[in-house]
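This report concerns only the one structure given below.
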Amino acid sequence: MFACAANAQSTPAPSTFDKIKATGAVVLGVREASAPMAYALGAQDKFVGYHVELCEHVLKEIAPGARFDYKVLTAQNTMSLVQNGTVDIGCGPTTNNLTRQQQVAFALTSYVSQVRMAVRADSGITSFEQLAGRNVAASTGTTAVQLLRNYAKMKNIEIPTVLGKDHFDSFLMLESGRADAFVLDDNLLAGLIANGRNPTGYRIVGEALASEPIALLFRKDDPAFKKAVDDSLRRFMLSGEAARLYAKWFMSPIPPKNANLNLPMSETLQQLFREPNDKPLESYAK
């Protein structure tokens, strides 16, 4: 009995391509509340966004004919569900860092975010140092939580942090006055503000706590799948199509409210589209 168990444990998992071939489907990990990267639209379980569309483009190219099954992920369960093969490719806004690379593999970087904060437009807050003693919202499982703690320690100040279960919950804390600021990636903050109840009532301010490479992710032990995804992304970037997709989601009106985020592409991302790479967070200067 024990020998059989040991043999079962040592049997390698089927490759992602084998799994897709056997089931006829590919499972895309998406988010419900991470506009403009990945979010739910309406009540029909339709998922849209820059990273969702990027995922779909890649998979149509490398797994033609496969059915797309969408599975909602959170910041807390993304790593485990990708690592154990429940999800074939994670399409949410996930930061590529060395710690996470111990669990999963990342594709070429497709966005570079800056971690900043959203505040009420009339708050007078412009710097993170002004958050001393104030309640600050952050979403459970995001890198912003640790960045805030590191900043407070470096400045020798107290920044009380209240954790939301997702980005909508965290933004509600800001809207309701339970928090004076909400710290998150700038693109996600812009999406929440643009689609919120009062888009002109909030601003994104403060120095960047970090620049973070965002990428699609998948199982660590499947180099053939990574190569296929990376090769597809590289072609997409070098052809100029990635820049056009960026303009669609960051510089044009997006659903559901047809709000325009007006977030021009950074010079860092422009360079990455010219010379794609999959370097982790630790390679980026603050």
Residue pairs qualifying under the 6 Å Cβ cut-off, at least six apart or on distinct chains, with the first in the range 156-169 being polar (S, T, N, Q) and the second being outside any loop (DSSP other than H, G, I, E, B), are T161/V136; T161/A138; T161/L148
Of the residues in the range 157-197 that are at pLDDT 95 or above, more than 26 Å from T99 (Cα to Cα) and assigned to a loop (DSSP other than H, G, I, E, B), the one that is most open to solvent (accessible area, probe 1.4 Å) is E158
The correct count of residues that are polar (S, T, N, Q) and within 17 Å of L209 (Cα to Cα) in the range 119-138 is 3
- Return a yes/no flag: does the range 44-58 have any residue that is part of a loop (DSSP other than H, G, I, E, B), of a type in the set (S, T, N, Q) and touching a residue at least 40 places away in the same chain (Cβ under 8 Å). no
Checklist entry - Do we find a residue being more than 12 Å from the chain's Cα centre (by Cα), in a loop (DSSP other than H, G, I, E, B) and free of Cβ contacts under 8 Å to residues at least 60 places away in the same chain anywhere in the range 22-39? => result yes
If you go through L216, L174, the only one that is aliphatic (A, V, I, L, M) and closer than 17 Å to V48 by Cα is L216
In the range 59-71, residues that are within 18 Å of P36 (Cα to Cα) and crowded, with 17+ Cβ neighbours inside 10 Å total 1
Restricted to the range 95-105 and to residues being at pLDDT 95 or above and assigned to a strand (DSSP E or B), the residue nearest to M79 (Cα to Cα) is V104
For G206, the lone unmet condition from (1) under 25 Å from V145 (Cα atoms); (2) within 20 Å of the chain's Cα centre (by Cα) is (2)
Residue count, the range 106-140, condition outside any strand (DSSP E or B) and of a type in the set (A, V, I, L, M), comes to 6
When you check T99 against the structure, is it in contact with a strand residue (DSSP E or B) (Cβ under 6 Å, 6 or more places away or on another chain), surrounded by fewer than 22 Cβ atoms within 10 Å (Cβ to Cβ) and free of Cβ contacts under 8 Å to residues at least 60 places away in the same chain, yes or no? no
If we scan the range 207-227, do we find a residue that is in a strand (DSSP E or B) and open to solvent by 10 Å² or more (accessible area, probe 1.4 Å)?
yes
I204: passes all of (1) over 30 Å from D221 (Cα atoms); (2) not in a strand (DSSP E or B) but (2)
Within the range 265-275, residues being open to solvent by 50 Å² or more (accessible area, probe 1.4 Å) and closer than 16 Å to E241 by Cα number 4
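The values are calculated or read from the model by the stated rules, or taken from the named source; none is laboratory data. Model, not experiment: these values are computed from the prediction. Reconstructed Cβ throughout: ideal geometry from the backbone, glycine too, with neighbour counts over all protein chains shown. Just so you know, the surface numbers come from the protein's heavy atoms only, side chains and all, with ligands and any DNA or RNA stripped out. Shrake-Rupley method; radii C 1.70, N 1.55, O 1.52, S 1.80 Å.
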